[in-house]
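S.K.: My structure is below; once you've seen it, I'll send some questions.
The values are calculated or read from the model by the stated rules, or taken from the named source; none is laboratory data. Values in this document were obtained by computation on a predicted structure and should not be read as measured data. With ideal geometry, Cβ positions are generated from the backbone for all residues, glycine too; neighbour counts draw on all protein chains shown.
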């Protein structure tokens, strides 16, 4: 238990460090390029990988998903450099070095950003609901206004009011398919996010698997974390793939690990994985 708390503290420091340095970045790219006039409050619109080895992470995800990368900022200064992730030629996320605190963290974390019309009001809502404001609100170059939070179960997430509007929904292979909070306390987490973003839970949801909906559209899920996984709560992004088994093989060949083998799940097949630096993520098939 003590070790888990120390790891959680280290991760929190790791995540706060890059936020503090973001304002100094030479270029902070927009999340929607070209710009859109769309805003979808309550939708996870972006994900940043906070890691202690951006190079190794980029090499891994490039091999597994065919992602390509664009670097912004000085190449000789990790703390001021941002790496944008492109799938199928369009930006879906980014990677950032966690700073000195990350040296003591043998891992990383994908941090999802939720669209909001008012980051300051969202921060107040987080505090009222019992969560913690870790950093911000702060305007980050061309990206817009963002803030970083920790929910009541310890999971880290962010909110953004994008300066360029929100990207279109991700649906293609190699792009984000879903995002899910894995936690020992699903109902407590659901109450928190309902209070902050006004989500509704879908009819028939159980404490084991809860869907968060906004304007009638499922935007995220909450799942009771299996006991064999580490104690910390975490948001897990899912990447859409054609064949989970074939993707898992590529993950292993590229140096990643499998936490949960390919499993039939909610009418599809999915697997929970970890990249070589320690960040968890999932893959799933989706037949439209």
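S.K.: Test of understanding: among 25, 37, 12, 21, which residue is assigned to a loop (DSSP other than H, G, I, E, B) and modelled with pLDDT under 70?
M.R.: On inspection, the qualifying residue turns out to be 25.
S.K.: Whether any residue in the range 144-152 is over 15 Å from the mean Cα position of the chain (by Cα), over 16 Å from residue 123 (Cα atoms) and not in a strand (DSSP E or B) is what I want to check.
M.R.: no
S.K.: If you check 138, 143, which single one turns out to be at pLDDT below 95 and surrounded by 19 or more Cβ atoms within 10 Å (Cβ to Cβ)?
M.R.: The unique qualifying residue is 143.
S.K.: If residue 185 satisfies all but one of (1) surrounded by fewer than 23 Cβ atoms within 10 Å (Cβ to Cβ); (2) under 14 Å from the mean Cα position of the chain (by Cα), what's the number of the condition it fails?
M.R.: The failed condition is (2).
S.K.: Under 21 Å from residue 42 (Cα atoms), at pLDDT 95 or above and under 21 Å from the mean Cα position of the chain (by Cα): which single residue out of 239, 244, 251 fits that description?
M.R.: 239
S.K.: Hey, can you tell me all the residues within the range 106-123 that are touching a strand residue (DSSP E or B) at 6+ places or on another chain (Cβ under 9 Å) and either in a strand (DSSP E or B) or more than 22 Å from residue 166 (Cβ to Cβ) (or both)?
M.R.: 107, 108, 109, 110, 111, 112, 113, 114, 115
S.K.: Go through the residues of the range 257-275 one by one and say whether even a single one is in a loop (DSSP other than H, G, I, E, B) and modelled with pLDDT under 95.
M.R.: yes
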